[in-house]
Structures are given as C-alpha cells and as structure tokens.
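Note sheet for the following structure.
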Amino acid sequence: MRPHGQHFLKCEDVALELADRLNPRTDDVVVEIGCGKGFLTRFVARTGCKLICYEVDESLSEEFKRNVPFENVELRLKDFLEVDVEEIKGACLCYGSIPYQISSKIIRKVIELGFERCILIVQKEFAEKLIMGRERRRHTLMTVLGQTYFNVSILRRVPKGCFQPPPRVDSAMIELVRKHVRLDLDNYEDFLKKLFVRPNRSVKAVLKEMNVAQCEIFENERICDLSAEQVLNIYSRWSNDAGRTL
C-alpha cells in the first residue's frame, strides 16, 4: 500500500471516457487532482489543453515525468487541499481519481476554488450519498452542500478491478456542473454543521430554536428530509434575520 493510500487507475476505457466527457478546448486551463503516475494525465493532455497536475507524493514525480512527456503539462508537487485560487487563475475544469478518505474535503475544495465543471472518480457509496443521501433519500450535510453548488450526476460505475491495488469496493465516475449561487461558503457550511448535528430531529423544532420565521410550514419533515433547495431557502431567511441564533 502506498503511504497515501492510493489506488491507481489502470483501465484505458475509463480514462478515455473521462477525457471525452471532460472535452476541454485547447485554450482551457484544466486541473488534475492527484495525478499519481500520470495514467489519466496522458489521455487529457492529448486534447492540447493547459494542464496543471497536483500530486502530494513526491516519490511518484520521476515516473510521472517519464509517462507524461507533454509540453502542455505542469506537475506541481503539492497537496491539492492547500491550493489557493490565485495559483490556478483561469482554470474552469478539474478532474481526478480521488482518495476515498478525503473525498468530502475535496468536494469542499472544488467549491471553494470555483470550478465550473468537475469529473471525478470516487467511491460508489460516496457518489450515491452526493445524489440521494445514504439511504431512502436521507440527505446528509455533504448531500446538501454538494447539491447547493453543483448539479450532480453519476456517469458510470468503475469496478474495483480497474485499480491497482484494487480497493475493497467499486467506484463511480461523477460529474459536477456549477450552479450560479452566491453564498459565503464558510458561513453556509457552519450553518449546515449546526443544522445536521441531529439529522433525525424535526425541522419545525430546530427552526424554532434558531428563530427562523415561518417554521410552521414544516409539519412532519426531519432535517434529513430537506432538499438542498429547501435548506438554501431556510438559510436565506435565517441569514437575513437580525434575531438569528445557532
């Protein structure tokens, strides 16, 4: 096992589909999250776009350079979670086969960095959580956060045999397409954390405690039943209320 828990993609059909769906123009600036040995990079680099690749594992750099002899590719040995928006000015697309254990942090980061569209390979269970919550459409904080900022869709299943070493579970390729919402991300995330502390509580009870007006319209719903649109509406009312509390 690699020190950062990497599972390296090895299936060309998956890489080809990702590059085709990403479909960057030659004048696009594209960011790859966790480029590893450069397997995915080669397929995207052939499109001619300017490609900025982030990798935290410095021991992979020489193999990456051998595998990716493209002048339009720049390797940056840095943790993607520490990237600042100024470093990637003009980048509107990103992609990557991302580590399972930090998937939530990466989704939060791509929101922060303002990407218009992302294609990511993630754990299948995480993909389903982004779409519908863990079970029976029970929404989680990550479901709501992701769907507030992006239209999320699952493009295909990626079997565990497509990786070396193979993980224990299957993955999925997902697409995130930016919604044009204007929110203070830090404030909104703090609001969600408080809202989802006890997701099975009734919406009406929680909103009364927070002094949110018109909470009576939520008669039987629990916090985990709320859609991203409903939460955004509640947040808007709460953030504009001088008497708000958390």
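Each value in this text was obtained by applying a stated rule to the coordinates, not by laboratory testing. As the structure is a computational prediction, the values presented were derived from the model and not from experiment. Cβ placement follows ideal geometry from the backbone for every residue including glycine, while neighbour counts extend to all protein chains displayed.
In percent, rounded to a whole number, the relative contact order of the range 32-75 is 50, using alpha-carbon pairs under 8 Å and six or more apart. For the chain, treating each Cα as an identical point scatterer without solvent, what Debye log10 I(q)/I(0) comes out at q = 0.13, 0.14 1/Å? For the chain at q = 0.13, 0.14 Å⁻¹, log10 I(q)/I(0) is -0.81, -0.91. To the nearest Å, what is the center-to-center distance of the range 115-184 and the range 52-70, using C-alpha atoms only? Cα centroid to Cα centroid, the span is 26 Å.
Using just its DSSP H runs of length 4 or more, each adding -39500 (n - 2.57), the chain gives a mean residue ellipticity at 222 nm of -10000 deg cm²/dmol after division by all residues. Candidates THR143, ILE131, ALA172 compared by Cα position along the dipole of the range 105-246: farthest toward the positive end lies ALA172, with charges placed on Cβ. Restricting the calculation to Cα atoms, the range 31-96 yields a radius of gyration followed by a Dmax of 10.9, 29 Å. Calculated over the range 57-151, the projected area of the Cα convex hull averaged across directions stands at 7.0 nm².
Membrane-span-like helices in the chain, defined purely by DSSP H runs whose alpha carbon atoms cover 24 Å or more axially and whose average Kyte-Doolittle hydropathy reaches 1.6, do not occur.
If the segment from ALA213 to VAL177 were pulled out straight at 0.36 nm per residue, it would be longer than the present Cα-Cα gap by 9.8 nm.
Evaluate the charge dipole of the chain about its Cα centre and quote only its size in Debye, nearest 20, assuming +1 on the Cβ of each Lys and Arg and -1 on the Cβ of each Asp and Glu. Intermediate values should be presented prior to the final figure.
Working: 39 positive and 37 negative charges, 158 e Å.
Computed about the Cα centre, the dipole is about 760 debye.
Take 71-79, 94-102 and order them by the average number of nearby Cβ atoms within 10 Å per residue, most first; the result is 94-102, 71-79. For the range 65-98, list residues with backbone N below 14 Å from a point placed 7 Å from the Cα of ARG25 toward its Cβ? Inside the label zone: 91-93.
Would you mind calculating the relative contact order of the range 152-193 from Cα pairs under 8 angstrom and at least 6 residues apart, reporting the percent as a whole number? Write down the numbers at each step before the final one.
Numbers: 36 pairs, mean separation 15.9, N = 42.
Value for the range 152-193: 38 percent.
Could you check how many percent of all C-alpha pairs in the range 1-118 are farther apart than 18 Å? Tail of the P(r) past 18 Å holds 47 percent of the pairs.
Relative contact order of the range 106-246: 24 percent, from C-alpha pairs under 8 Å at least 6 residues apart in sequence.
How big is the antiparallel share of DSSP beta bridges in the chain, given as a percent to the nearest 5? Mind showing how you got there, number by number?
On the way: 18 of 36 bridges.
DSSP beta bridges in the chain are roughly 50 percent antiparallel.
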